[in-house]
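Accompanying notes for the structure given below.
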Amino acid sequence: MHFDILTLFPEMFAGPLGTSIIGKAREKGLLSVDLRNIRDYALDKHAIVDDTPYGGGAGMVLKADVLVRAIEAVKGDEPAPVVYLTPQGRLFDQQLAAELAQLPRLILLCGHYEEIDERVRQKWIDREISIGDYVLTGGELPAMVVIDAVARLLPGVLGDSTSAEQDSFQTGLLDHPHYTRPAEFRGMQVPEVLLSGNHELIRRWRLKESLRRTLLRRPDLLQRKELSEEERQILAELEQEFGKEENK
Ligand code: 4G3
């Protein structure tokens, strides 16, 4: 998969996209990233990219001509959706990450000022994505979040030990607790079942602890999930343990 990034601050991307799993995946050619500085598409001698808003008010607006020159230059002949990272976009989640991972190419536009000229949005932006209900100084961190979440779903990017299929948002449940050696640490024990070697008991314990966490921390996830008979039964046990009878 190929990502084109349009940004005023390409230097922000080196660390996150050059390190660890994403860096390795790029070395292996499993994904590629092309960084373009929007300022390179400003034609005046001061390379001005923004201007004051019509109608007045605070903040600056990224100029339409500069943005469209950058978008058209990067687009080439191969069609690719242009994604604008903005708090006004569709909330990014695992399902959207999985959808985007099916595409051969994505163009990500990062604003660093309040907004872009609305005419660019109307005609050149295919989708708008928000990584959450908060405002950042720019769309660069959101773009990196999207790339990271999408890239790790691409074939070969994760090793067997970190398979994406076991992810909490793939199963619809939060992850269960994890332990490693030693079996006792400062008087705290690892749950005995995990030392038992009984794989069926371990599987059920993990499922129960996943359900417990989801029930306590993210009941909204449970409402949306299709539950198996076993999951229903374990939930009933948990509700007994909690001594309450909500959550059908
Ligand atoms: C547009 C995205 C862009 C308008 C961008 C701020 C947060 C997100 C920006 C605007 C951003 C997000 C740049 N901050 N939640 N900052 O995905 O007000």
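The values are calculated or read from the model by the stated rules, or taken from the named source; none is laboratory data. What you see is a predicted model; the values in this text were computed from it and never measured. Virtual Cβ from ideal backbone geometry, glycine too; neighbours counted across all protein chains shown. Note: accessible area is taken over every heavy atom of the protein model, side chains too, but ligands, DNA and RNA are not part of it. Shrake-Rupley method; radii C 1.70, N 1.55, O 1.52, S 1.80 Å.
List, please: which pairs have Cβ atoms under 8 Å, are six or more places apart or on different chains, and start with a residue in the stretch 157-169 that is farther than 20 Å from ARG26 by Cβ and end with one that is part of a loop (DSSP other than H, G, I, E, B) and modelled with pLDDT of 75 or more?
These pairs meet every condition: SER168/LEU174; SER168/ASP175; PHE169/ASP93.
Filter the helices (runs of 4 or more DSSP H) completely within the stretch 132-229 down to those with at least 2 residues that are within 16 Å of the ligand (Cβ to nearest atom) and open to solvent by less than 30 Å² (accessible area, probe 1.4 Å).
140-151
How many residues are touching a Leu at 6+ places or on another chain (Cβ under 9 Å) and within 18 Å of PRO104 (Cβ to Cβ) if we restrict to the stretch 23-56?
Pass one, the stretch 23-56, residues touching a Leu at 6+ places or on another chain (Cβ under 9 Å): 23-26, 30-31, 33, 35-39, 41, 49-51.
Adding the requirement that they be within 18 Å of PRO104 (Cβ to Cβ) leaves 25-26, 30-31, 33.
Qualifying residue count, the stretch 23-56: 5.
Matching residues to (1) touching a strand residue (DSSP E or B) at 6+ places or on another chain (Cβ under 9 Å); (2) under 16 Å from ALA151 (Cα atoms); (3) of a type in the set (Asp, Glu); (4) within 12 Å of the ligand (Cβ to nearest atom):
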position	(1), (2), (3), (4)
GLU72	no, no, yes, no
PRO81	yes, no, no, no
THR86	yes, no, no, yes
LEU100	yes, yes, no, no
ARG105	yes, yes, no, no
CYS110	yes, no, no, yes
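Considering (1) open to solvent by 30 Å² or more (accessible area, probe 1.4 Å); (2) at pLDDT 95 or above, say which one LEU238 fails and leave the rest.
(1)
Could you count how many residues in the stretch 96-118 are farther than 25 Å from THR52 by Cβ and free of Cβ contacts under 8 Å to residues at least 60 places away in the same chain?
Residues of the stretch 96-118 that are farther than 25 Å from THR52 by Cβ, as a first pass: 96-108.
Checking the rest, the ones that are also free of Cβ contacts under 8 Å to residues at least 60 places away in the same chain come to 96-100, 102.
Total satisfying the criteria: 6.
Just checking, how many residues over the stretch 112-131 are modelled with pLDDT of 95 or more, within 13 Å of the ligand (Cβ to nearest atom) and either open to solvent by less than 50 Å² (accessible area, probe 1.4 Å) or closer than 20 Å to ILE5 by Cβ (or both)?
The number of residues fulfilling the criteria is 10.
Looking at the structure I just gave you, is LEU96 open to solvent by less than 30 Å² (accessible area, probe 1.4 Å) and either closer than 29 Å to GLY18 by Cβ or modelled with pLDDT under 95 (or both)?
Working: open to solvent by less than 30 Å² (accessible area, probe 1.4 Å): yes; either closer than 29 Å to GLY18 by Cβ or modelled with pLDDT under 95 (or both): yes.
Spelling it out, LEU96 is indeed open to solvent by less than 30 Å² (accessible area, probe 1.4 Å) and either closer than 29 Å to GLY18 by Cβ or modelled with pLDDT under 95 (or both).
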